[in-house]
Amino acid sequence: MSSDPDAFPFRDGTLHAGDAPLPELAAAYGTPLYVYDAATIRRRVFDLRKVFAESLPDDHQPMIAYACKANTNGAILRLMAGLRLGADVVSGGEMIRAIEAGIPADKIVFSGVGKTDDELAAAIASEIMQINIESASELDRLIMLNPPCPVRVAFRLNPDVDAGTHAKIATGHGSSKFGMPAEEIIQLHARAKAQKNIIPVGLSVHIGSQITDIEPFEEAFRKTGALARALEAETIDFGGGLGVAYHDGAPEPDLAAYGRAVATHLAPACRRLVTEPGRFLVAQSGILLARVLHVKTTPGTPILILDAGMNDLVRPAMYDATHRIIPVTQRQTPETQYDIVGPVCESSDVFARGISMPQCRAGDLVAIMDCGAYGFTMAGPYNSRPMPAEVIVDGARHGLARKRQTLRAMIADECLPDWMVA
Ligand SMILES: *Cc1c(COP(=O)(O)O)cnc(C)c1O
């Protein structure tokens, strides 16, 4: 089962997305297939709003800017727009996608350490809500672009805390490339204030991803709140990072404590709060549906070889992530231990080792759970494997949110220089 018991339920022994049995979706759209459940996303948004409603005063309810790098599919963005969410974007491409999906520009925050001049110019021209500045050099570039209209900027604080998460997704320690120390922000804030059309509105902070211990948030928020008071900041954007329980027994964040940390350290220090959750809103809304190609017997643990690989879902190979993997059809076959792998020619193309599940056969369907965040968005065509299709389900309705890539489309942008053509 998913870590959200209401997402992807079993009915009559078959795993469902909304009202659709997954074997039906596999037959209609093929595998490997990303399947998203709209109801789960709505529930997650309501759950988060409830946390803030219960912990913060009415005039300090945060604007939720969905960190769309977690899942940029246009159907998901449209759903977020319909739920009146804003967006946190980290590239000019994400900014355009968010705007085209109907998210108003005045609810878009632009983060990231390496914005190009073109991206900054596009953000200025689109009159987005705010640009989160991550270095002195970036402020210089913005000043050089000489904005014709007021541009709101926030400075990203590096609070020098250990988020207690995987090293590859920690962003808040002093030696990371993200954010700036408080002393530097104080200088830049003053420099920005002296410019025409650059309006320093406050601070942003984001200490990493898949964080389940509230203490690092608490420490980061305390430091951010103190600096915000010193600067008399109007806005604090307190980032994303809330984790989800990917495997049985994994810790889940204490949401009430998270709300209290925001209420204690941030709400009293500014007039307006912004938050940038990504994973928390979408991880549990998605699965990667795959078919067993082969059951390979070995001298050791038997291996299930799936038609989905690390190119479709890179989190296990890249972050040592563990996802629950469950058979789509419940059977009374005896439990067996399996290693579960993809077909890609890399020894890191392993989804799970030694997990216990009912005996499987070639042709069986399995669901890799909690793949709605950093799943498709990090996928690629390595081994010349076409990008998987994406389907969105809403109750009784389902439909394609992205077609399966064809081989022709995959290679369409390749060309030969003149001198190689005979
Ligand atoms: C990635 C990112 C987020 C979202 O992180 P999650 O762990 O998915 O919530 C928020 N803010 C910034 C600046 C980011 O880079």
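Restricting attention to the range 340-370 and to residues that are among the polar types (S, T, N, Q) and assigned to a loop (DSSP other than H, G, I, E, B), the residue that is least open to solvent (accessible area, probe 1.4 Å) turns out to be Ser348.
Counting the residues of the range 356-396 that are without any contact (Cβ under 8 Å) to a residue 60 or more places away in the chain and in contact with a strand residue (DSSP E or B) (Cβ under 7 Å, 6 or more places away or on another chain) gives 4.
Taking the range 69-101 as the range and being under 14 Å from the mean Cα position of the chain (by Cα) and within 16 Å of Thr40 (Cα to Cα) as the test, the residues that pass are Ala70, Asn71, Asn73, Ile76, Leu77, Met80.
In the condition set (1) at pLDDT below 95; (2) away from the ligand (no atom under 14 Å from the Cβ), Leu188 is compliant with all but (1). Of all residues assigned to the range 235-243, at least one qualifies as being farther than 15 Å from Ile207 by Cα, away from the ligand (no atom under 13 Å from the Cβ) and at pLDDT 95 or above.
One residue stands out in the range 69-89 among those that are within 9 Å of the ligand (Cβ to nearest atom) and of a type outside the set (A, V, I, L, M): the one that is most open to solvent (accessible area, probe 1.4 Å), namely Lys69. Kindly establish whether Leu231 is within 15 Å of the ligand (Cβ to nearest atom) and either open to solvent by 60 Å² or more (accessible area, probe 1.4 Å) or out of contact with any Lys or Arg (no Cβ under 6 Å at 6 or more places or on another chain) (or both). When the stated conditions are applied, Leu231 does not pass them. Identify the single condition in (1) open to solvent by 50 Å² or more (accessible area, probe 1.4 Å); (2) of a type in the set (A, V, I, L, M); (3) at pLDDT 95 or above; (4) outside any strand (DSSP E or B) that Ala373 does not satisfy, given that it satisfies every other one. Single failed check for Ala373: (1). When the range 52-68 is filtered for residues that are among the hydrophobic types (A, V, I, L, M, F, W, C) and either closer than 21 Å to Ala308 by Cα or open to solvent by 20 Å² or more (accessible area, probe 1.4 Å) (or both), the ones remaining, listed by number, are Ala53, Met63.
Step by step: first the residues of the range 9-34, then only those that are among the aliphatic types (A, V, I, L, M) and open to solvent by less than 10 Å² (accessible area, probe 1.4 Å), then the one that is farthest from Ala389 (Cα to Cα). Which residue is that? Before the answer, list the steps.
Kept after step one, since they are among the aliphatic types (A, V, I, L, M), are these residues of the range 9-34: 15, 17, 20, 22, 25-28, 33.
Of the ones still in play, those that are also open to solvent by less than 10 Å² (accessible area, probe 1.4 Å) are 15, 17, 20, 22, 25-26, 33.
Values: Leu15: 19, Ala17: 16, Ala20: 17, Leu22: 14, Leu25: 11, Ala26: 11, Leu33: 5 Å.
The selected residue is Leu15.
Selection of first residues in the range 165-178 that are in contact (Cβ under 8 Å) with a residue 60 or more places away in the chain and within 14 Å of Met318 (Cβ to Cβ) and of second residues that are in a strand (DSSP E or B) and open to solvent by less than 50 Å² (accessible area, probe 1.4 Å), restricted to Cβ pairs under 7 Å at least 6 apart or on distinct chains, gives the following pairs, ordered by first then second residue: Thr165/Gly208; Thr165/Ile211; Ile169/Gly208.
Kindly indicate the residue of the range 304-354 that is among the hydroxyl-bearing types (Ser, Thr, Tyr) and touching a strand residue (DSSP E or B) at 6+ places or on another chain (Cβ under 6 Å) and also nearest to Asp248 (Cα to Cα) among those meeting that condition. Write out each step before concluding.
First, pick out the residues of the range 304-354 that are among the hydroxyl-bearing types (Ser, Thr, Tyr): 319, 322, 329, 333, 336, 338, 347-348.
So of that shortlist, the ones also touching a strand residue (DSSP E or B) at 6+ places or on another chain (Cβ under 6 Å) come out as 329, 333, 338.
Numbers: Thr329: 20, Thr333: 22, Tyr338: 17 Å.
Taking the candidates together, the pick is Tyr338.
All conditions in (1) more than 25 Å from Leu77 (Cβ to Cβ); (2) surrounded by fewer than 22 Cβ atoms within 10 Å (Cβ to Cβ); (3) in contact with an Asp or Glu (Cβ under 6 Å, 6 or more places away or on another chain); (4) of a type in the set (Val, Ile, Thr) hold for Ile143, with the sole exception of (3). Among the residues of the range 124-134, some residue qualifies, meaning at least one is of a type in the set (D, E, K, R), surrounded by fewer than 24 Cβ atoms within 10 Å (Cβ to Cβ) and in contact with an Asp or Glu (Cβ under 8 Å, 6 or more places away or on another chain). Confirm whether Arg97 is within 16 Å of the ligand (Cβ to nearest atom), more than 30 Å from Ser175 (Cα to Cα), open to solvent by 10 Å² or more (accessible area, probe 1.4 Å) and charged (D, E, K, R). Yes. Take Asp37 and decide whether it is out of contact with any Pro (no Cβ under 8 Å at 6 or more places or on another chain) and more than 18 Å from Tyr374 (Cα to Cα). Here the answer is no, as Asp37 does not meet what is asked.
The values are calculated or read from the model by the stated rules, or taken from the named source; none is laboratory data. What you see is a predicted model, and the numbers here were worked out from it, not measured in a lab. Please note: Cβ atoms are built from the backbone with ideal geometry, for glycine as well, and neighbour counts cover all protein chains shown. Please note that ligands, DNA and RNA were not included when accessible areas were found on the heavy atoms of the full protein model with its side chains. Shrake-Rupley method; radii C 1.70, N 1.55, O 1.52, S 1.80 Å.
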